[in-house]
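Enquirer: Pasting a structure below so you can have a look.
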Amino acid sequence: MYDVAIIGAGPAGGSAAIFAAKAGKKTVVLDSNKSVTKRAWMENHYGAPAIAGPDLVETGISQAKKFGAEFVVTTVTAVNKTENGVKIVTENGEYEAKHVILATGMMTDVAEASGLKTKDGTEPRIKTIFDVDAAGKTNVEGVWAAGTCAGVSMHTIITAGDGAKVAINVISELNGERYVDHDVLKA
Ligand SMILES: Cc1cc2nc3c(=O)[nH]c(=O)nc-3n(C[C@H](O)[C@H](O)[C@H](O)COP(=O)(O)OP(=O)(O)OC[C@H]3O[C@@H](n4cnc5c(N)ncnc54)[C@H](O)[C@@H]3O)c2cc1C
């Protein structure tokens, strides 16, 4: 049983994985390797003057792996609540986690098989999003969503930020108190 399973390894999912793994949570990222970010060139990502999408995504994955996050290339077909957590059904087997964070970008096709509420997107070119509350919670207990699929503006600094926000909410729920992850610059 994982503490946190993240569906999607783009900016939102990669960022969530960094926070979850660095907080010592047993974390797995399941990704179908279809991130649209891999076609992007960014000159508006705060702190990174000019960066290619593939480099941003790969850097995020290696940061999360450094803290122990596992990455599996597969496609998730459904997430279903169980007695102890959430079952994740993929094309190559099943996983179980206490919490799931959906970070699936422009894709919400797992919604129907998972009983997840969706609504019309409000951002340009975004047709459908998961219906989440301000914390990132969906209508299924233990299932959260972050990034483009949760309706935020489709920009890497914002989707990565939303991934971090939702991960901190999940970690805080697992810990039973608000979580902060600050490292200090050594003098
Ligand atoms: C051409 C282009 C140019 C852009 N330029 C900029 C720019 O200059 N500046 C900027 O800030 N942003 C730019 N963007 C937007 C930015 O790249 C991202 O789109 C945005 O950050 C989305 O991140 P995300 O993590 O929400 O989604 P994505 O990066 O799309 O990641 C979603 C991931 O979820 C996976 N996934 C989906 N469904 C499943 C499933 N069922 N099972 C397993 N995995 C699944 C996908 O394979 C993908 O890897 C650009 C986008 C494009 C397309």
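Coordinate-derived values only; no laboratory data. Everything numeric here is computed off the predicted structure, so don't read it as measured data. As a convention, Cβ positions derive from the backbone with ideal geometry for all residues, glycine included, and neighbour counts pool all protein chains shown.
Enquirer: Rounded to whole Å and sorted largest first, list the principal axis extents of the Cα atoms in the chain.
Expert: Sorted largest first, the three principal extents are 47, 40, 32 Å.
Enquirer: Most fluctuating residue of 176, 13, 163 in a GNM of the chain with Cα springs under 10 Å: which is it?
Expert: 176
Enquirer: Shifting gears a bit: Out of the range 1-109, which trypsin sites (Lys or Arg not before Pro) are coil in DSSP terms and have no more than 16 other C-beta atoms within 10 Å?
Expert: When the trypsin sites (Lys or Arg not before Pro) of the range 1-109 are filtered for loop state and at most 16 Cβ neighbours within 10 Å, 26, 34 remain.
Enquirer: Taking a temperature of 37 °C and a viscosity of 0.692 mPa s, what whole-number D in µm²/s does Stokes-Einstein yield for the range 97-155 with Rh from Kirkwood over alpha carbon pairs?
Expert: After rounding, the answer is 293 µm²/s.
Enquirer: With r as the distance between the Cβ atoms of residue 50 and residue 70 and R0 = 35 Å, compute the FRET efficiency 1/(1 + (r/R0)^6) and round to 0.05.
Expert: E between residue 70 and residue 50, to the nearest 0.05, is 0.70.
Enquirer: In addition: Treating the beta-carbon of each Lys and Arg as +1 and of each Asp and Glu as -1, no other charges, what is the dipole magnitude of the chain about its Cα centre, to the nearest 20 debye? Kindly include the intermediate steps, with their values, before the conclusion.
Expert: Numbers: 19 positive and 22 negative charges, 50 e Å.
That gives a dipole near 240 debye.
Enquirer: Taking a 27 Å limit on the Cα-Cα distance, which of the listed pairs 65/98; 25/165; 65/127; 65/137; 25/127 fall beyond it?
Expert: In this structure, 65/127; 25/127 lie more than 27 Å apart at Cα.
Enquirer: So which aspartates and glutamates pass the test for residue 22, namely a Cα distance under 19 Å, with those fewer than 8 places away in the same chain ruled out?
Expert: Once the sequence-local aspartates and glutamates are set aside, what remains near residue 22 is 3, 58, 70, 162, 173, 177, 181, 183.
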